[in-house]
Amino acid sequence: MSRNLKTGVMYPRMAVIGCGLIGSSVIHAARAAGVVGDVAVADASAEHRARIQELGYADLVTADPAEAVKDADLVVLAVPVLAMSGALAQAAPALKPGATVTDVGSVKSAVAEVLTPLIPDGVFLVPGHPIAGTEYSGPDAGFAELFQNRWVILTPLSREDDPYLEAAQQLVDFWRALGANVDRMDDKHHDLVLAVTSHLPHLIAYNIVGTAADLEEVTQAEVMKYSAGGFRDFTRIAASDPTMWRDIFLANKDAVLEILGRFTEDLQALSRAIRWGEGDKLFELFTRTRAIRRGIVAAGQETPEANFGRDHRTP
């Protein structure tokens, strides 16, 4: 169930480093919910900075992370996973005591490992991951509704001091105000779960679309013309940002390889069932997988996110 708390301004100043789909959506959603005051954006791309200024959803736009985070109460790292340590290293000297730093990366263990040593005393690092997205990217791609009824997983550090716990709870309340459902999880468990639910499906999509493109017996025009629904779904996933997904697979390689090994074994078993005409095994698998799909629909997680992005994207 979507929850949108009427909390008033929670963070008088928010800084977002990296303003693609997720970064810009955080800004739109936070402004719509009324939970932030001023918004500063740092982005390495001159083209992105110019576009953000044209769109007018940030009060300050800069190339310098340190300038963006000055006096910020909440700092959101929304750059690719392997770029986070560099971005935080630039920003760290300007972080004010009491600020909360979070991220939106799809890998949590590796992120916590590289970011924790960079956090100054008195600043609170609470890693996070909003499980939401579309195949679009860039400053135009964001929209306020992206997080509605989506899950955000926070992986707080192993700290029990009251100031840290209060900072973590405030971040929970922030995401809930944006319409998200929030869960807390151990970072290594998060990475294993996401390897199953997100990373491996993307890897399969990239691979199957690449395989189709490489088939000499099938032209690219035929692939585009005769794409059935399943293949179209794969192409949507495979259109996701290449830099982001390269970083995810490299940063979460242990969990991805573990799940990929299990998937390969299951795929070989499926191949044998097809080869030997074992229809009962195929029927049993397809029945189980249909039940999982129905469970996802019943949980309210079937919303076609790509349609949100397409509808809200500036032409």
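Figures for the structure shown
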item: Among L74, L165, L125: highest mean-square fluctuation, GNM of the chain, C-alpha pairs under 10 Å; result: L165
item: Low-density loop cleavage sites - chymotrypsin sites (Phe, Trp or Tyr not before Pro) in segment 240-281, where at most 11 other Cβ are within 10 Å (DSSP); result: W276
item: For segment 16-30, 3J(HN,Hα) per residue [Karplus equation, 6.51 cos²θ - 1.76 cosθ + 1.60, θ = phi - 60°, Hz, x = Gly/Pro]; result: 10, 9, x, 10, x, 4, 6, x, 5, 5, 4, 5, 4, 5, 5
item: Cα-based Rg and Dmax for segment 11-186, where Dmax is the largest Cα-Cα distance (Å); result: 14.4, 44
item: Candidates T289, T116, T243, ranked by Gaussian network fluctuation over the chain, Cα under 10 Å, top entry; result: T289
item: Built amide H within the under 5 Å cut-off of V123, gap 5+; result: G98
item: Kirkwood hydrodynamic radius (C-alpha pairs) into Stokes-Einstein, the chain, 10 °C and 1.306 mPa s, D in µm²/s; result: 76
item: Rounded to the nearest 20 debye, dipole of the chain from Cβ charges on Lys, Arg, Asp, Glu; result: 760
item: Spatially near lysine pairs across the chain, Cα under 16 Å, sequence gap of 8 or more or different chains; result: 4
item: Segment 70-142, Rg to Rh (Cα coordinates; Rh as Kirkwood inverse mean 1/r); result: 0.97
item: Percent antiparallel among DSSP beta bridges (both partners in the chain, rounded to 5); result: 15
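Laboratory data are not the source of any read-out in this text; all were calculated from the coordinates shown. From a predicted model like this one, the values you see are computed outputs, not experimental measurements. All Cβ positions, even for glycine, are placed from backbone atoms using ideal geometry, and neighbour counts span all protein chains on display.
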